[in-house]
1. Return one whole number: the accessible area per residue of the chain in Å², for a 1.4 Å probe.
2. Which of the GluC sites (Glu not before Pro) across the stretch 152-245 are loop residues per DSSP, with 15 or fewer other Cβ within 10 Å?
3. When you have a sec, figure out the Kirkwood radius of the stretch 125-195 from all distinct Cα pair distances and drop it here in Å to one decimal?
4. Please give every one of the aspartates and glutamates within straight-line cross-link reach of Lys68, meaning a C-alpha to C-alpha distance under 19 Å, and leave out same-chain neighbours fewer than 8 residues apart.
5. What are the extents of the Cα atoms of the stretch 24-94 along their three principal axes, listed from largest to smallest and rounded to whole Å?
6. Step by step: find N for the chain, compute 2.2 N^0.38 Å, then divide the Cα radius of gyration by it. What's the final number?
7. Dividing the Cα convex hull volume of the stretch 220-274 by residue count, how many Å³ per residue is that?
8. Which entries in Lys181/Lys207; Lys114/Lys243; Lys114/Lys282; Lys243/Lys268; Lys243/Lys282; Lys36/Lys114 show an alpha-carbon gap greater than 32 Å?
Amino acid sequence: MGWVVAGTVGLVVSAGIAVGQQIAVTFDDLPAHGQKPPGVTRLEIAQSILGTLKQEKLPPTYGFINGKRVEEDPTSLAVLKAWRNAGQPLGNHTWAHEDFEGETVAQFEADAEKDEPLLKQLMAGEDWHWFRYPFLHEGETLEKRRAARTWLLARGYKIAEVNMDFEDYLWNAPYARCVAKHDDASIRKLHDSYLATAEEYFTVFRKSSQLVYGRDVPYVLLMHIGAFDAHMLPELLAMYRAKGVSFVSLAEAERDPAYSDDPDFGYKGGGALLELEMAKKKLKFPANSKPYQELDAMCR
């Protein structure tokens, strides 16, 4: 699908088959994320992702919304309606996707609450009480972290923690630039580096899980509703399946006891749940890399 033809710290974790391993796929920044190729609409991006989710028979897949995008572009409401018409659930990603590290607790709470009327309308009695922090910033101080968490739990939210992430969004802007230039060779490079990085971080987070919990937990993968994500989703899911992964819902994954283990740790810059646990326990995060400079320079 798409629009273009074209170090172990004494621990052994196989980079190959992970038989029985589970992943819950989630998408952030609905209805609009990042740059898009010329002539491609936000709705087409969403429909491509939804088509793959249906084709691959994935369980219910949460999309986390920023209502301000609908205010900025009322036509983008069609994306959220398409998501719901496909039977997929929605959760709260705050109204404006502001950075909690630059906000007071009161501002954070107001931004999260402002998203709720739209969620109530779209979810029509179904459970929308899942919350995903923008940028995975849960509070740079323990005081802020505890205050926000207390407020969310009092409103009935479950925190949609992440423990697998390869910064998929990094590929969306260069993809839009390369499509505009009809640079198929560069798009093939994007294709290869996207899958290679996803595979690398599959191993990195599995190693981290072993260090923190002594086992693989069900993972929650953070994705974004971007154009290249839509283009690559079939191959990404196939890569995970080739490693023995099965796909579960967010609720099923987060029933694991690991998700009730609050690190209770203020950490500037945020991170996935496993990263916070590693930082709190002063464990060294496994060696990893991403092609930041290559992606930034692509198709300029």
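The values are calculated or read from the model by the stated rules, or taken from the named source; none is laboratory data. Source: prediction; values computed, not measured. So basically every Cβ, Gly included, is an ideal-geometry build from the backbone, and we count neighbours across all protein chains shown. Ligands, DNA and RNA are excluded from the accessible area calculation, which covers all protein heavy atoms including side chains. Shrake-Rupley method; radii C 1.70, N 1.55, O 1.52, S 1.80 Å.
1. On the way: 12630 Å² over 300 residues.
Averaged over the residues of the chain, the accessible area is 42 Å².
2. Numbers: sites: Glu161, Glu167, Glu199, Glu200, Glu235; in loops: Glu161, Glu167.
Passing both the DSSP loop test and the Cβ count: Glu167.
3. In the stretch 125-195 this quantity evaluates to 15.4 Å.
4. Those aspartates and glutamates meeting the cut-off are Asp28, Asp29, Glu98, Asp99, Glu103, Glu109, Asp111, Glu113, Asp115, Glu116.
5. Principal extents (largest minus smallest coordinate, Cα): 32, 28, 19 Å.
6. Relative to the 2.2 N^0.38 Å estimate, the chain comes out at 0.97.
7. On the way: hull volume 6.5 nm³, N = 55.
Spelled out: Cα convex hull of the stretch 220-274, divided by residues, is 118 Å³.
8. Lys181/Lys207; Lys114/Lys243; Lys114/Lys282; Lys243/Lys268
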